[in-house]
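The values are calculated or read from the model by the stated rules, or taken from the named source; none is laboratory data. Everything quoted here is computed from the prediction, not taken from an experiment. A quick note on method: Cβ atoms are made from the backbone with ideal geometry, for glycine too, and the neighbour counts reach across all protein chains shown. Note: areas computed on protein heavy atoms with side chains; ligands, DNA, RNA excluded. Shrake-Rupley method; radii C 1.70, N 1.55, O 1.52, S 1.80 Å.
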Amino acid sequence: MTNHRVRRPGVRVDFDKPLTFSFDGQAYDGFAGDTLASALLANGVRMLARSFKYGRPRGIVGIGPEEPNALMQIETGAHTIPNLKATQVELYDGLVARRTTGWPTLEFDLKSVGGLFSRFMPAGFYYKTFQNQKLWPKFEHIIRQAAGYGSAPSEPDPETYDHSHRHAQVVIVGGGASGLLAALLAGRAGLKVVLLDEQNECGGWLLSSPQSVIGGEQARAWLKSAVGELQSMPNVQVLTRTSAFALHDMNLVLAVEQLQDHLPIADRVAHQPRQRLHRIRAERVVLATGAIERPLVFGNNDVPGIMTASALTTYLNRYGVAVGKRVLLQTSNDHAYQGSADLARAGCEVVLADTRTRINPAWEKRVRAAGVDVRTGFGIAFARGRRAVTGAQLVKLDAQRNAIVASGPSIDCDALGSSGGLSPTVHLYCHDGGRPHWDEERLAFVVPEAGRAKSGIYAVGAVTGEFGLQNALEQTVRVMRDVLGSLGKSTPTSSDNLGTDEPEATPARRIFRVPDGRAEGHGKKAFVDFQNDVSAADIHLAVRENYRSIEHIKRYTALGFGTDQGKLSNVNGFAIAAHALGRSIPEVGTTTYRPAYSPVTFGTLAGAHAGDTFEPRRYSPMHAAHIARGAEFEPVGQWLRPWYFPKTGEDMHAAVRRECLAARRGVGIMDASTLGKIDLRGKDVREFLNRVYANAWTQLAPGKCRYGLMLDENGMVMDDGVTACIADNHFVMTTTTGGAARVMTWLEKWHQTEWPDLDVYMTSVTDHWATAAVVGPKSRQVLAKICSDIDLSPSAFKFMDWREGTVAGVPARVFRISFSGELAFEVNVDANYGHHVWEALMEAGREFDITPYGTETMHVLRAEKGFIIVGQDTDGSMTPLDLDMAWAVGMKKPFSFIGKRSFARSDTAGPNRKQLVGLLTDDPQVVLAEGAQIIERADAKPPAAMLGHVTSSYYSPELDRSIALAVVRDGIARRSEDGRKSGRDVLYAYAGGKAHKVTVVSPVFVDPKGDRQNV
Amino acid sequence: MFVLFCPHCGEKREEEEFGYGGEAFIPRPATPEALDDEAWGDYLFMRKNPKGWHWEMWSHNTGCRKFFVVKRNTATNAIAGSWTLAEGRKAYDAEGGST
């Protein structure tokens, strides 16, 4: 234990609960209630980071999410988390932390050697250096390693995460004095209230300033009773360790609750989530998000031991840590005064330099009584020290202008705190479109206290610029009266005594950059954004190089780009940019505040939607049968479909070859249950089909089926499938497996918005039916064994007919349709009978060696026949004519069906369109890569004209050679058929660095006349 | 993520239950063949795309599966109301059918 610890009343660490932890492999002591930052400071650890560009030593600056330097890698292995801020990590026994910056080591950072990089890395360094993009790949690795920052875990996350969806009448963000009072008032009115606070306990600044007084009692007593009262109200929920990180449309608050991060890993409850994402829809949102103190900008202001003044005070009062013995404070306002007195009473030697010449007499009296040496009209020109601050050079400032009038004393110190004022935490207010406005009196971008009352968003306390405790509390009562009134609750007559002992505030001095008497860029480096090494000189340089918009200056200098998102630096940066531009701060404005307020881990955003539960998985009714037969599966949309059925020792190629030949020469069976099915009823269904399909449906009689092409209004193919006429007012449509939901919505939209007069009722019945396709020359013999009430003879049951009957003892609809070009029967039964019927067909087919096949064989069989897969062989720019499928378009239909008019548009009707063709490689053993580009000459050099690409490519066992489908410009006219040559049919397919010679042919490779399916 | 009122179900529900249906009140020409390419192109492609109030369709995908009309401000996501297609058409026409 070092002598940095101070036992003070109101300290929130428990000195009876010592803990040990390690940082960079060295063991240290701390106490329960510490953060990693407070424990490191208590152990005298000053330098714990190296800066991004220059490798300068850096220490802790803040106390919360604003911390720019102390980024830590917490824990190891699967539990490791990069870039947590030490100021936000609650200490637990056994915690393991490592630095994330400093290369090759923290003690010796190569970037810092002789300021080597400083001269060469001005603002815009990366833009300027890597304009030549060829250099970037060479240097990226080195730069990333040197720049540092943590490492993502390489193992799967062992933790689980949870989502909670909820509604509340009032959500209050921030559990400081104002937020607590707001929650009390809303809770007492009986409203359903949720109070969110990111820290491990409520209190906000009261925890840093326990000497404050509310209503005649010490603030910590008021705090205790307020929290106790809230916890006793069943209608109020207080969530601590819960950071509201986004406010979206219509008062949707997103917050992440840390449930187990503060526990030693061994003590975490397995199967309980590490974090929970709350999605809270609120009738009213009250932002009590407070403010973050910003430091002043001066030379060498980044030396370890230099912090915000409030951080020095908070480490003392909340954590019992005196960062130094000899403390120099610099302020432009009243906020640092209470802290200076606290530090002096704790035994520190304190000098308080106030940049103002007229200071607050009440405060001066109080702090002088505590022993503080107050110097008025002084600023810090620069600090001294390299790895730890050793002192500072003061300068006498002009009372009005931001200029030096005389030199000042040099003061030795081992801790230095500065306060340039408070920057309200306006982020959430701005997430859904609000803009903060500049308050010149308070020198802050603030949220109006009325918030956006019309949207139900209000603000109280420091976020509105009410920095004084008493004013903030009075304002909270006032605003909550409006909030409660808007929810129909009577105005509360508060009996609370909210009086404080604060002196009335004296105006702050308008100062951001303390002058050092030299032109910007010629004195000591004065940092604005510590995490990205952005100095005041960099901002001036950006302006000199003619950047005008603050958004551009931000991107050029990287101001506010770090994991702290400029919480400490932005306002100073805006003010310095405004000065350089010769404009006012409100004219320059702010950059855009976007969610998330502070980093949120991906696991929390995903919640339970990860791994097996990432999305729903759909299985066919026959799934168990496929598992039993050793199928390999592939995902098709949400469905898991059999891919192929390998026998012992077979690879995919061998299995698919066997399956294909079985279907072509014997009998195969495929599970087609996943096809989308829509049941359409009503007297106008036929007319409806005429309008939504390219085909004509008027003549389709009950008992018949037809293949249809569905087009969008641009005339492009969007889906296809077979529709059966069950009765004159009843049809069943099938869609592609992946298009089922889209087609359903498409049909409903046309029916509801354009043709509500049509009598049509649509029901998705995809999951109601199980479908087994029995395919091959012997399929009739197989089906005949277990179906006796349908006449299966070719004359009675023709191709494209369907029949109702009984298969394997259950009611069935049997369709004579074929996606393979072979004789085939698709047996549809109630999904509950699917497995039974599949097994019955397998048993019936045993004597014919019936062979189950999956999607791969299905694809080979259909490609051999030139049957398209919508979305694979088409891409939303293919018309039926491009597919050579004019036979599926009913141009004579009286109604101008969807897409028809677009056929006549100049581009659709024009020449040189990409069209579907077959390709045969010169070398029959070469299977082209799908996606291979089609080019005219083998020796073409880029940029060569790309005529099209390969859409489907397989090895055909039936032909014992490779085949491919492709879309090629003017492809149909290029085809060579029956030995005739077009003269333009020789092209090259380029893939993998090689151009393969191909011949353009008809896409129908097998049985071009279609005899086989008509037997 | 906002909340929409479905005029068919009579309830306010989360946006994730709904699907966007595009700009409302673009009737399909009764005789497409009578239009020249430019007029047909306007029907196919030209949309108001305003910054501000926008009449648009939504469908209650995981609810009643009905399309309805919403008047939404594209800049602020403020919602002026939800109507059935027929009632929405009346409201749209009442304000001149332009904005």
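Some points to look at:
Residues are listed down the side, and each one gets a yes or a no for (1) open to solvent by less than 10 Å² (accessible area, probe 1.4 Å); (2) on the phi > 0 side of the Ramachandran plot:
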{"position": "A:Leu259", "(1), (2)": "no, no"}
{"position": "A:Arg279", "(1), (2)": "no, no"}
{"position": "A:Arg294", "(1), (2)": "yes, no"}
{"position": "A:Val297", "(1), (2)": "yes, no"}
{"position": "A:Gly305", "(1), (2)": "yes, yes"}
{"position": "A:Thr313", "(1), (2)": "no, no"}
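- Among (1) without any contact (Cβ under 8 Å) to a residue 24 or more places away in the chain; (2) open to solvent by less than 20 Å² (accessible area, probe 1.4 Å); (3) of a type in the set (Lys, Arg) - the single one A:Lys567 does not satisfy: (1)
- Scan region B:6-45 for residues that are assigned to a helix (DSSP H, G or I), at the interface with another protein chain (Cβ under 7 Å from one of its Cβ atoms) and within 17 Å of the chain's Cα centre (by Cα) and the total you get is 1.
- Residue match in region A:246-257 (condition: open to solvent by less than 10 Å² (accessible area, probe 1.4 Å) and in contact with a Pro (Cβ under 7 Å, 6 or more places away or on another chain)): yes
- A:Gln73 vs. criteria open to solvent by 20 Å² or more (accessible area, probe 1.4 Å) and in contact with a Gly (Cβ under 9 Å, 6 or more places away or on another chain): no
- Residue check for A:Asp922: open to solvent by 60 Å² or more (accessible area, probe 1.4 Å) and either within 47 Å of the chain's Cα centre (by Cα) or among the basic types (Lys, Arg) (or both): no
- Unmet criterion (only one of (1) within 44 Å of the chain's Cα centre (by Cα); (2) over 24 Å from A:Val827 (Cα atoms)) for A:Tyr707: (2)
- Of the criteria (1) among the hydrophobic types (A, V, I, L, M, F, W, C); (2) open to solvent by less than 50 Å² (accessible area, probe 1.4 Å); (3) farther than 19 Å from A:Phe527 by Cα, which one A:Ile380 fails: (3)
- When restricted to residues that are of a type in the set (A, V, I, L, M, F, W, C) and either under 47 Å from the mean Cα position of the chain (by Cα) or closer than 30 Å to A:Met47 by Cα (or both), region A:366-410 contains 13.
- Residue in region A:394-415 that is under 30 Å from A:Val173 (Cα atoms), β-branched (Val, Ile, Thr) and either open to solvent by less than 10 Å² (accessible area, probe 1.4 Å) or not assigned by TED's automatic domain parsing to the domain that holds A:Met47 (or both) present: no
- Test result for A:Ala904, open to solvent by 10 Å² or more (accessible area, probe 1.4 Å) and out of contact with any His (no Cβ under 7 Å at 6 or more places or on another chain): yes
- Test for A:Val827: is it part of a strand (DSSP E or B) and either farther than 20 Å from A:Tyr644 by Cα or of a type outside the set (D, E, K, R) (or both): yes
- Region A:453-469, subset among the hydrophobic types (A, V, I, L, M, F, W, C) and either within 14 Å of chain B (Cβ to nearest Cβ) or not in a strand (DSSP E or B) (or both), residue surrounded by the fewest Cβ atoms within 10 Å (Cβ to Cβ): A:Ala453
- Scanning region A:19-32 for residues that are out of contact with any helix residue (DSSP H, G or I) (no Cβ under 9 Å at 6 or more places or on another chain), surrounded by 13 or more Cβ atoms within 10 Å (Cβ to Cβ) and part of a strand (DSSP E or B) yields A:Thr20, A:Ser22, A:Ala32.
- Within this structure, A:Pro65 passes the test of being surrounded by 20 or more Cβ atoms within 10 Å (Cβ to Cβ) and either closer than 18 Å to A:Asp529 by Cβ or not assigned by TED's automatic domain parsing to the domain that holds A:Leu110 (or both).
- Residue in region B:57-81 that is nearest to the other protein chains (Cβ to nearest Cβ), counting only those that are surrounded by fewer than 20 Cβ atoms within 10 Å (Cβ to Cβ) and part of a strand (DSSP E or B): B:Ile79
- Residues in region A:801-824 that are in a loop (DSSP other than H, G, I, E, B) and open to solvent by 40 Å² or more (accessible area, probe 1.4 Å): A:Gly809, A:Phe819.
- Any hit, region A:574-582, residues being touching a Leu at 6+ places or on another chain (Cβ under 8 Å), in contact (Cβ under 8 Å) with a residue 24 or more places away in the chain and in a helix (DSSP H, G or I): no
- Only one of A:Gly876, A:Gly866 that is on the phi > 0 side of the Ramachandran plot and modelled with pLDDT of 95 or more: A:Gly866
- Checklist (1) touching an Asp or Glu at 6+ places or on another chain (Cβ under 9 Å); (2) away from every other protein chain (no Cβ under 14 Å); (3) touching a residue at least 24 places away in the same chain (Cβ under 8 Å); (4) surrounded by 20 or more Cβ atoms within 10 Å (Cβ to Cβ) applied to A:Glu474, failing item: (4)
- Among the residues making up region A:907-919, those that are buried (at least 16 other Cβ atoms within 10 Å of the Cβ) and away from chain B (no Cβ under 14 Å) are A:Arg913, A:Lys914, A:Gln915, A:Leu916, A:Val917, A:Gly918, A:Leu919.
- Number of residues in region A:854-893 that are assigned to a loop (DSSP other than H, G, I, E, B) and either of a type outside the set (Val, Ile, Thr) or closer than 18 Å to A:Val927 by Cα (or both) equals 21.
- Residues of region A:750-786 satisfying the condition of being in contact with a Gly (Cβ under 6 Å, 6 or more places away or on another chain) and not small (Gly, Ala, Ser): A:Asp759, A:Val760, A:Tyr761, A:Thr766, A:Val775, A:Lys778, A:Val782
- Of all the listed residues (A:Val870, A:Val926, A:Val889), the sole one being over 26 Å from A:Lys981 (Cα atoms), out of contact with any Gly (no Cβ under 8 Å at 6 or more places or on another chain), among the hydrophobic types (A, V, I, L, M, F, W, C) and more than 14 Å from chain B (Cβ to nearest Cβ) is A:Val889.
- Scanning region A:429-452 for residues that are within 14 Å of chain B (Cβ to nearest Cβ) and small (Gly, Ala, Ser) yields a count of 2.
- Filter result (modelled with pLDDT of 95 or more, more than 11 Å from chain B (Cβ to nearest Cβ) and outside any helix (DSSP H, G or I)) within region A:737-760: A:Asp757, A:Leu758, A:Asp759, A:Val760
- Condition check for A:Lys1009: basic (Lys, Arg) and within 24 Å of A:Gly666 (Cα to Cα): yes
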